[in-house]
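Comments concern the structure below.
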Amino acid sequence: MKPALPERVLMLIVPWAPQSDAESLLPRVEQALAGGVNWVMLRIRDLPPRLCVEVALEVRRLTRATNALFSVNPYPALAEWAGAEGIHLPEHHLKNPVAPDPHRLVGYSVHSVESARQAAAAGADYLLVGTLYPTASHPDKAPEGVALLRAVAQAVPLPLIGIGGITPERVGECLKSGARGVAVLSGILDAPDPAESAARYLHALRTSAS
């Protein structure tokens with residue numbers, strides 16, 4: 001059976017590349033979970049297989065402690081091996097989508113209504129929609145604004161998670177535009193206190209009317 005999505009999603013995106021420092025990054029993930037993050041997506045890029053496994057198991061250990069969901073981007077086999085609840089794939093994977101998984105959530109990042117429809121047809125369980133606001137994580141991508149969220153919400157009957165430059169003050173606008181929650185990277189991981197920052201996002205999710 002697939003795990004259920006939280007009523008309000010606060011997803012932390014954890015990018016992991018060869019230059020990532022586990023000694024500083026893992027404690028920040030743990031602090032973010034303590035602050036209320038209920039879903040962690042590990043986004044792996046250019047790591048050797050053994051390190052992929054080690055990192056995935058470490059992050060999985062942290063999410064288990066708080067009963068948060070754990071997804072791996074973009075390796076389905078690693079997600080299965082590490083016991084992750086989800087598999088997440090970039091938009092370009094829609095050219096060769098993975099088969100729906102009876103045990104794991106399968107999601108895609110989408111940047112257009114057309115891609116959202118393709119993902120829904122491929123059996124996706126949820127979509128990450130963006131980039132909504134200007135963000136240092138993707139400076140090359142022009143923000144689409146919440147108009148994209150509204151358009152996708154009208155086009156597909158899937159849970160949507162907004163991503164891209166989202167601050168606690170922008171959470172309400174995302175929810176009113178059709179999102180079930182938000183995904184955050186630097187807004188939490190780069191904050192002086194990741195737990196306090198996560199708590200601010202969670203408060204905004206709980207108090208904003210959709």
Open item on the list: So residue 151 passes all but one of these: (1) in contact with a helix residue (DSSP H, G or I) (Cβ under 6 Å, 6 or more places away or on another chain); (2) within 23 Å of residue 40 (Cβ to Cβ); (3) hydrophobic (A, V, I, L, M, F, W, C). Which condition number does it fail?
Closed with: (2)
- [ ] Among what's in region 189-210 and is small (Gly, Ala, Ser) and not in a helix (DSSP H, G or I), pick the residue that is surrounded by the fewest Cβ atoms within 10 Å (Cβ to Cβ).
- [x] 209
Task: Filtered residue count, region 1-55, keeping only those that are at pLDDT below 95, assigned to a helix (DSSP H, G or I) and small (Gly, Ala, Ser) - done: 2
Task: Conditions (1) under 22 Å from residue 52 (Cβ atoms); (2) free of Cβ contacts under 8 Å to residues at least 12 places away in the same chain; number of the one not met by residue 114 - done: (1)
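Going through 202, 158 one at a time, which residue ends up being of a type outside the set (Ser, Thr, Tyr) and closer than 13 Å to residue 11 by Cα?
Result of the check over 202, 158: 202.
The values are calculated or read from the model by the stated rules, or taken from the named source; none is laboratory data. Here the structure is a predicted model, which is why all the values come from computation and not from measurement. With ideal geometry, Cβ positions are generated from the backbone for all residues, glycine too; neighbour counts draw on all protein chains shown.
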